[in-house]
There are 2 protein chains.
Amino acid sequence: MILLKNGLIVTQDRDRRIFRGDVLIDGDRIERIGKEINEKADQAIDCTGDIIAPGMINTHGHVSMAIMRSSADDLHLHDFLDRTFAMDAKRTREDVYWGSMLGILEMIRSGTTSFVDLYYWEDEVAKAVKDTGIRGFLAWATLDEEFTTQKGNPLSNAEKFIKAHSGMDRIYPMVGIQGVYVASKETWLDAKEIALAHGTMTHFHLSETRKEVYEHQAKTGKRPAEWLDDIGFFGDESLAAHGVWLTVNEIRRLAKNGVKVSHNPTSNMKLATGGYAPLPEMFREGVTVSLGTDGCATNNNLDMMEEMKFAAIMHKAHRWDATVVPAQRALDMATIDGAKALRMEKEIGSIEEGKKADIIILDGRVPEAIPITEETVVPNMVYSMRGDAVKHSIIEGNVVMRDRKVVFDGETILKRSQELGAQLIS
Amino acid sequence: MILLKNGLIVTQDRDRRIFRGDVLIDGDRIERIGKEINEKADQAIDCTGDIIAPGMINTHGHVSMAIMRSSADDLHLHDFLDRTFAMDAKRTREDVYWGSMLGILEMIRSGTTSFVDLYYWEDEVAKAVKDTGIRGFLAWATLDEEFTTQKGNPLSNAEKFIKAHSGMDRIYPMVGIQGVYVASKETWLDAKEIALAHGTMTHFHLSETRKEVYEHQAKTGKRPAEWLDDIGFFGDESLAAHGVWLTVNEIRRLAKNGVKVSHNPTSNMKLATGGYAPLPEMFREGVTVSLGTDGCATNNNLDMMEEMKFAAIMHKAHRWDATVVPAQRALDMATIDGAKALRMEKEIGSIEEGKKADIIILDGRVPEAIPITEETVVPNMVYSMRGDAVKHSIIEGNVVMRDRKVVFDGETILKRSQELGAQLIS
């Protein structure tokens, strides 16, 4: 049992309660929350002056690309794609493993306790999840065979991956689909069938760029979200990434089918994909909108605290309305709405009795957190504090970082990923 | 003498050279830079694996408002102003001093070595500059007497402040003007006269909001920048903040007169002032554009590393062009162009022999910095790393932070600003 003593608890429960108190963890679950808990625990962590919050959930990325960080910036999209595809083709399984270790190290250090990944060689990413203690939702990317560099059929690879990793601790295998530009109707529907057969989800890029949308429309007469609805792909198990170039009609189709969206503001802005994901309309129509960093080739970091700030302020600027995406909503997107995106809202995303113990403790005595009160703590987290305020991280009841020291071998990760990364991008 | 050994030096000199080497500091100046310097120094700092860069220059803010952080977020502009003006009226000299101490602590910890401030009671801010070791360009805000809550005439206050602080170490008193909405032609011209008489600069808000621009146009028939040019206010000593709502014609007038602009992307986005400062046009016309965080009521932090990222990506998104404001340009705005904004480019803003030793050393072994090469170091600094990567800070040849420990009493700052801040915003 672990007892967190005397912190400012930002519960993210239904009432968004914030109060000073204690949290008792028993095994992998939150046992009790209260003003004062006097229980003999194996480990007590004094949280005086600190903030106790749910771990953040990053709902879209390509974690192993951390090793390709800052290697393709400030380029027009076609130049960017040429450059990253060339590097992708050179990658080895070792690169993917150490890139994932680097990305996960960065995520844990900045408060993320769950992440969604879309890539190939997800078995290497799964190894990194196992070796670090984070929670990983891993979608093996499928696409038509003519477009892939994967050995073997991507759909078979995905299914094999799911079978091999079902029921493993903190690993949730999913089916990925790259996007409408490289996947036929058959591939989309086969991917869905595999997901349903194994009780898991699909995760895919949707309407990220104008090019994607207008080329698909020219080819099929339909916009991507209309087409995916019409072919019968969409369902409660669908998690779409980006969703930038969506019409209100398409948003209604997402809502009707229970499709979830991962919003990636930093990546969208940096790639200059144009347009701003229509968040107010998605909120209005009842679409679950969560937050993702995307990969390090386009962000270039994995800091969800920064992502909350970008999400909140980019829409204010775009809509000329400072009340759009307030701080509380940004924190919701990074926590409880991330859990909803993964149909895991009964398990993670908030600090409530009976839920998994995925908890971060932030230093409330950094200058960026001051003044700290029950009213300022959420805007401070969203607008002012950085990922480095995260002192401790607990995932599935295990302390994976204590006083910013991770329990696995961080030094070797930095060393190996520097060697392999410098080689890869040279 | 201080010897920085074996770091990756991002010089920001004219050729933007980046190389591994040593930096020798003698007194307040950079004595020598080279691949290897073997000199017996009083203090040697091993920078292996680290980045040696010029300290950043924050060219617009209201530092003492750090104590009002996160107290007026997600509000329409008029509600925001009502709330902050009400708090402002309650402020004491003690609040201003401790707020400044809090803001300066935050700035030093995130790599800023020089800052520009626009507020009243600048003598309290000057005390904080003295007590911390940072470099401060302090503009006492003037405005028409009918609008001020200052005791005494604001112009006289400003002049008195300048006289009392001229020639002091690291303190550069300037004349501030709040903006066209509260200052008559006479006030603007008197402010300029005081600045010229004392060989210093003017610093003022310019065309931040639509309201400001269109109300001024309704009243005078001219847009603010046209009007300020026509009344003869503009000069080489003018440093304007924001410059959002500018026409190309106005930009040409700024360029012609040598007016400098401090761009504040985060504040502009968060306040939803609408519009995006026309950076590409300012660059094209030759206006010196630097970077500022604005105050903590509107940002809500003072992290120039985050500000570089916002500056780079907001314009990409707005222009649908990923090549706009590349990483190198963002770093320039935060360093050498900040020095130019203050007419101090021979003294600060880059690592060059003979210049003041205002230097930061960043940890190149945080995950966000990896992979690190001569090619990735600048995009890593702009797009991926955070202010917490700053390990050491040297200002005017004095180590003011070593291994993230400041040489002054940081604990008392946090304690006092928490007490006073919580009281002020309650």
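With respect to the conditions (1) buried (at least 24 other Cβ atoms within 10 Å of the Cβ); (2) free of Cβ contacts under 8 Å to residues at least 60 places away in the same chain; (3) not aromatic (Phe, Trp, Tyr), residue B:54 lacks only one, and its number is (2).
Looking only at region A:163-173, count every residue that is out of contact with any helix residue (DSSP H, G or I) (no Cβ under 7 Å at 6 or more places or on another chain) and under 30 Å from residue A:245 (Cβ atoms) and tell me the total. Number of matching residues: 1.
Scanning region A:57-71 for residues that are within 13 Å of another protein chain (Cβ to nearest Cβ) and not in a helix (DSSP H, G or I) yields A:69, A:70, A:71. When residue B:74 is tested against (1) part of a helix (DSSP H, G or I); (2) crowded, with 23+ Cβ neighbours inside 10 Å; (3) without any contact (Cβ under 8 Å) to a residue 40 or more places away in the chain, only condition (1) is not met. Within region A:317-339, is there a residue that is at the interface with chain B (Cβ under 10 Å from one of its Cβ atoms), buried (at least 24 other Cβ atoms within 10 Å of the Cβ) and under 30 Å from residue A:85 (Cβ atoms)? Scanning region A:317-339 turns up no residue that is at the interface with chain B (Cβ under 10 Å from one of its Cβ atoms), buried (at least 24 other Cβ atoms within 10 Å of the Cβ) and under 30 Å from residue A:85 (Cβ atoms).
Per-residue answers, yes or no, for (1) of a type in the set (Asp, Glu); (2) under 27 Å from residue A:372 (Cα atoms); (3) in contact with a strand residue (DSSP E or B) (Cβ under 8 Å, 6 or more places away or on another chain); (4) outside the structural domain of residue A:308 (by TED's automatic domain parsing):
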{"site": "A:34", "(1), (2), (3), (4)": "no, yes, yes, yes"}
{"site": "A:47", "(1), (2), (3), (4)": "no, yes, yes, yes"}
{"site": "A:50", "(1), (2), (3), (4)": "yes, yes, yes, yes"}
{"site": "A:61", "(1), (2), (3), (4)": "no, no, yes, no"}
{"site": "A:67", "(1), (2), (3), (4)": "no, no, no, no"}
{"site": "A:72", "(1), (2), (3), (4)": "no, no, no, no"}
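If only residues of region B:84-114 that are under 20 Å from residue B:262 (Cβ atoms) and outside any helix (DSSP H, G or I) are counted, the one that is farthest from the other protein chains (Cβ to nearest Cβ) is B:114.
Would you be able to say whether some residue in region A:276-290 is modelled with pLDDT under 95 and within 14 Å of chain B (Cβ to nearest Cβ)? Taking every residue of region A:276-290 in turn, at least one turns out to be modelled with pLDDT under 95 and within 14 Å of chain B (Cβ to nearest Cβ). Of the residues B:316, B:340, the single one that is among the basic types (Lys, Arg) and out of contact with any Asp or Glu (no Cβ under 9 Å at 6 or more places or on another chain) is B:340. Scanning region B:1-34 for residues that are closer than 12 Å to residue B:359 by Cβ and touching a helix residue (DSSP H, G or I) at 6+ places or on another chain (Cβ under 9 Å) gives B:10, B:12.
This table checks each residue for (1) in the same structural domain as residue B:83 (by TED's automatic domain parsing); (2) in contact with a strand residue (DSSP E or B) (Cβ under 7 Å, 6 or more places away or on another chain); (3) at pLDDT 95 or above.
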site	(1), (2), (3)
B:328	yes, no, yes
B:349	no, yes, yes
B:361	no, yes, yes
B:399	no, yes, yes
B:414	no, no, yes
B:426	no, no, no
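Considering region B:362-413, the residues that are more than 12 Å from residue A:300 (Cβ to Cβ) and of a type in the set (Ser, Thr, Tyr) include one that is surrounded by the fewest Cβ atoms within 10 Å (Cβ to Cβ), namely B:412. Checking each residue in region A:115-137 for being closer than 13 Å to residue A:105 by Cα and in a helix (DSSP H, G or I) picks out A:125, A:128, A:129, A:130, A:131, A:132. Within region A:1-56, the set of residues being assigned to a loop (DSSP other than H, G, I, E, B), of a type in the set (Gly, Ala, Ser), out of contact with any Ser or Thr (no Cβ under 6 Å at 6 or more places or on another chain) and at pLDDT 95 or above comprises A:27, A:49.
In summary, residue A:261 fulfils each of the numbered conditions (1) closer than 20 Å to residue A:234 by Cα; (2) outside any strand (DSSP E or B) with the single exception of condition (2). Of everything in region B:301-313 that is within 8 Å of another protein chain (Cβ to nearest Cβ) and either among the acidic types (Asp, Glu) or in contact with an Asp or Glu (Cβ under 7 Å, 6 or more places away or on another chain) (or both), the residue that is surrounded by the most Cβ atoms within 10 Å (Cβ to Cβ) is B:303. When region A:267-290 is filtered for residues that are in contact (Cβ under 8 Å) with a residue 60 or more places away in the chain, part of a loop (DSSP other than H, G, I, E, B) and not polar (S, T, N, Q), the ones remaining, listed by number, are A:272, A:274, A:275. The lone criterion from (1) in contact with a Ser or Thr (Cβ under 8 Å, 6 or more places away or on another chain); (2) at pLDDT below 95 left unmet by residue A:90 is number (1).
The values are calculated or read from the model by the stated rules, or taken from the named source; none is laboratory data. None of the values given here were measured: they were computed from a predicted structure. Virtual Cβ from ideal backbone geometry, glycine too; neighbours counted across all protein chains shown.
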